[in-house]
2 protein chains.
Amino acid sequence: MSYGLIGKLTAVPGERETLLAILLEAATAMEREPTCTAYRVNVSLDDESIVVYEVWESIEAHQQSLSLETTQTLIGKARPILANIERLAVFEPRDGH
Amino acid sequence: MSYGLIGKLTAVPGERETLLAILLEAATAMEREPTCTAYRVNVSLDDESIVVYEVWESIEAHQQSLSLETTQTLIGKARPILANIERLAVFEPRDGH
């Protein structure tokens, strides 16, 4: 069963562009992972947040991605400038859509 | 500038599968629209809702889609069984991700 999640990340004031660059780097890295079928980085029009839409082949694939060296490096870069992370949704995608 | 939105739709009790079928029909129809670049239907794992992730070439393209006959027919079918609609996010996708 594939697995998806939507996260809403907000940087500390003045660091949105830096956070965006880190997340776009994550998108490029995750798209190389064969178990990741989507990693879309979106700039919110509601507020200063960045909305990330991810889909993985399974919940285990997502969990494994968190321990990748690339992911750990990117989390380390993002942590000092993160003001807030909110999980908007966790879901089962309907394949083909 | 492309435009995206995430909607969270909840059916009245007992009608989630019917709402899901209507939204999958919408996905099939919207994927035929050249201005729609994504229309993903996802079953929430948090609650009884369905989470729809849409991306359009522009905000105007999204607005125009609402007046399509197909859309109006599907809205007409969904309305009687809808308990709630919430817009989780509106955003500008970063192309390529």
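The numbers here are math on the coordinates, done by the rules we state, and not lab data. Bear in mind that the values here come from a model prediction, so they are computed numbers and not experimental data. Every residue, glycine among them, receives a Cβ derived from its backbone with ideal geometry; neighbour counts consider all protein chains shown.
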If we ask which residues in the range A:52-77 are exposed (fewer than 14 other Cβ atoms within 10 Å of the Cβ), under 12 Å from A:Ile22 (Cα atoms) and in contact (Cβ under 8 Å) with a residue 12 or more places away in the chain, their number turns out to be 0
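For B:Ala27, are the conditions met, namely being part of a helix (DSSP H, G or I), within 8 Å of chain A (Cβ to nearest Cβ) and on the phi < 0 side of the Ramachandran plot?
Yes: the conditions hold for B:Ala27.
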The condition from (1) of a type outside the set (Gly, Ala, Ser); (2) within 15 Å of B:Lys77 (Cα to Cα); (3) within 9 Å of chain A (Cβ to nearest Cβ) that B:Ile6 misses is numbered (2)
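Is there a residue being over 22 Å from B:Ser2 (Cβ atoms) and exposed (fewer than 15 other Cβ atoms within 10 Å of the Cβ) anywhere in the range A:22-34?
yes
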Filter the range A:50-87 for residues that are part of a strand (DSSP E or B) and touching an Asp or Glu at 6+ places or on another chain (Cβ under 9 Å); the one that is nearest to the other protein chains (Cβ to nearest Cβ) is A:Arg87
